[in-house]
Amino acid sequence: MSWWSEILSWFGGSSSSKSPPAFGKGTIGGYGPVNIWWKMPDSTLKKILARMDKKNVRYFPVEAVGNASEDVLGIPAKMDAVKKKYKLVLSECRRLGIWFAPILFNDNAGKGNWMNGGVALSQRMGQARAFIDWIAEQGGKSHLVITPVGETRTSAGSQLEAYAAQKLAGFRLCTNHGSRPQSPAAWSQYACYHPFKTSEWPAGKSTHVLSDTGTILAALNLGNDPYNEGNPAALKSWISAGVKRGQAVVAYYAFQTDVYDEKSIDAMGVK
């Protein structure tokens, strides 16, 4: 081990970097324990990403600040935990050649459904801007696809999109404005679409597809339960349809699960 590799290893990093697959050159499968990722042990996150690498699942989406009801943005200790996990995941994704696809904020904050009650995004604008500034400082452009705001529906969400577009210039950015955009925004290179059904696809094949609705999660999960682990047979069928269609990204949103779900990871692999 070189002195530089040894120093990097002290911080959980690596001197090696593997390029992720190019978008538009075949379907990329994705998996992410999106809401609870930042509270999971480092060892579990590393195990998930290692399995993704082995099975060619190369897109890792997360809700960066978890459930809105937890008010991570408003609690410094929680933000510190998120930042540590972000650095770890970015380092692992760079080493393994996986796209890290964080959704920085979700505009459903304060609505009250799906564990998103409590403080609205409009009440945490200063903290949100500071987090965007921090993201910019971390670099990692070669392995990041950042959605500044998920399910954008308010003026606060739109303001944060505009701020992120300025501060994260040069990063790959993705819009999820309104949950089901059909094309990128003027400030983004990509769009992400949240379908209601496994048979529902966006008009454009370059659009990223993420299973972030209760109805599609019920269809993809064991026992038709949005909160359960994935149903491997249903997941395989869904991504196979995406591959046949030529969709750029098909990613499974593992909602509220904090386990190592090897069968679901394997199901999302593309051969």
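The values are calculated or read from the model by the stated rules, or taken from the named source; none is laboratory data. The structure displayed is predicted, hence computed values, not measured ones. Positions of Cβ are backbone-derived with ideal geometry, glycine not excepted, and every protein chain shown enters the neighbour counts. When the accessible area is computed, the model is the full protein with side chains, heavy atoms only, and any ligands, DNA or RNA have been set aside. Shrake-Rupley method; radii C 1.70, N 1.55, O 1.52, S 1.80 Å.
The single condition from (1) within 15 Å of the chain's Cα centre (by Cα); (2) buried (at least 21 other Cβ atoms within 10 Å of the Cβ); (3) in a helix (DSSP H, G or I) that Leu88 fails is (2). Note on segment 256-265: residues that are open to solvent by 50 Å² or more (accessible area, probe 1.4 Å) and either charged (D, E, K, R) or touching a Pro at 6+ places or on another chain (Cβ under 6 Å) (or both) amount to 3. The single residue among Ile7, Ile48 that is modelled with pLDDT under 95 and not acidic (Asp, Glu) turns out to be Ile7. Would you check if Ala68 is at pLDDT below 95 and open to solvent by less than 30 Å² (accessible area, probe 1.4 Å)? Yes. Among the residues of this structure, Val65 counts as one that is under 25 Å from Cys192 (Cα atoms), of a type in the set (A, V, I, L, M) and within 14 Å of the chain's Cα centre (by Cα). Quick one: would you say Glu229 is open to solvent by 60 Å² or more (accessible area, probe 1.4 Å), under 23 Å from Asn106 (Cβ atoms) and among the acidic types (Asp, Glu)? Yes.
Quick check, is Gly97 open to solvent by less than 20 Å² (accessible area, probe 1.4 Å), modelled with pLDDT of 95 or more and more than 23 Å from Lys167 (Cβ to Cβ)? Against the criterion (open to solvent by less than 20 Å² (accessible area, probe 1.4 Å), modelled with pLDDT of 95 or more and more than 23 Å from Lys167 (Cβ to Cβ)), Gly97 qualifies. Let me confirm something: among Gly170, Gly118, which residue is touching a residue at least 12 places away in the same chain (Cβ under 8 Å), under 30 Å from Ile28 (Cα atoms), outside any helix (DSSP H, G or I) and open to solvent by 20 Å² or more (accessible area, probe 1.4 Å)? Gly170 is the lone residue from the list that is touching a residue at least 12 places away in the same chain (Cβ under 8 Å), under 30 Å from Ile28 (Cα atoms), outside any helix (DSSP H, G or I) and open to solvent by 20 Å² or more (accessible area, probe 1.4 Å).
Which one is least open to solvent (accessible area, probe 1.4 Å), of the residues in segment 136-154 that are within 25 Å of Ser211 (Cα to Cα) and assigned to a helix (DSSP H, G or I)? Among residues in segment 136-154 that are within 25 Å of Ser211 (Cα to Cα) and assigned to a helix (DSSP H, G or I), the one least open to solvent (accessible area, probe 1.4 Å) is His143.
Among the residues of segment 100-111, those that are in a loop (DSSP other than H, G, I, E, B), open to solvent by less than 50 Å² (accessible area, probe 1.4 Å) and not hydrophobic (A, V, I, L, M, F, W, C) comprise Asp107, Asn108, Gly110. Taking the listed residues Ser19, Ser15, the one that is farther than 30 Å from Ala128 by Cβ, open to solvent by 60 Å² or more (accessible area, probe 1.4 Å), at pLDDT below 95 and in contact with a helix residue (DSSP H, G or I) (Cβ under 8 Å, 6 or more places away or on another chain) is Ser15, with no other qualifying. Only residues that are among the aliphatic types (A, V, I, L, M) and outside any helix (DSSP H, G or I) were counted across segment 41-85, and they come to 5.
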